[in-house]
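The values are calculated or read from the model by the stated rules, or taken from the named source; none is laboratory data. Just so you know, these numbers come straight off a predicted model, no measurement behind them. Note: ideal-geometry Cβ built from the backbone for every residue, glycine included; neighbour counts use all protein chains shown. When the accessible area is computed, the model is the full protein with side chains, heavy atoms only, and any ligands, DNA or RNA have been set aside. Shrake-Rupley method; radii C 1.70, N 1.55, O 1.52, S 1.80 Å.
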Amino acid sequence: MKEPDAGARFTEMYAACHEQVYAYAVSRAGRQLADDVVGETFLVAWRRLSMVPETPLPWLLVTARNVMHGRYRDEVRQASLAAELRAWVEEADADVADGVTERAAVLAALARLSDGDRELLTLMAWQGLSNREAAHVVGCSVATFFVRLHRARKRLEAAMEDAPTTFDLKEFSR
């Protein structure tokens, strides 16, 4: 049986973390699957509320990651993510601002990186996790995480240098 204030704790956790868990799910599985992933993640959190640590976000992100690995094959997630990146690039191409061009270049470079590299970079930049929290999410030590993150950043820099000045949307359909 749940503790008497379990509902209040869950509601507070949901309000504090839903947005970040959703953003993580979108960045890893695309908008099409994000609602399912988030719903299942918080269902697991409710069922295991006594196991959720005081700082729940890393635990929730690990749970979301496990949900995605359990439910969706890599091919399905890659196709969904590629579609999302294509949509973002199409939106960016429609705008003339310099900031949008930079955004399109970064998204194009991210699309050329491996799934693992994208995850490391987005956990830090988009999810705002600390190194320790991000290492926990991907299931490695902090030292290993630093090495992987350094290599991912180097590959992103190389991809940015190789980025075309105009964007061919066919490139994202690979």
Give the residue, chosen from Ala29, Ala6, Ala64, that is among the small types (Gly, Ala, Ser), surrounded by 14 or more Cβ atoms within 10 Å (Cβ to Cβ) and modelled with pLDDT of 90 or more. Ala64
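Would you check if Thr41 is open to solvent by less than 10 Å² (accessible area, probe 1.4 Å), within 13 Å of Val21 (Cβ to Cβ) and in a helix (DSSP H, G or I)? If you could, list the steps in order and put the result at the bottom.
Numbers: open to solvent by less than 10 Å² (accessible area, probe 1.4 Å): yes; within 13 Å of Val21 (Cβ to Cβ): yes; in a helix (DSSP H, G or I): yes.
Taking the combined requirement at face value, the residue satisfies it.
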Kindly establish whether Trp46 is assigned to a helix (DSSP H, G or I) and touching a Pro at 6+ places or on another chain (Cβ under 7 Å). no
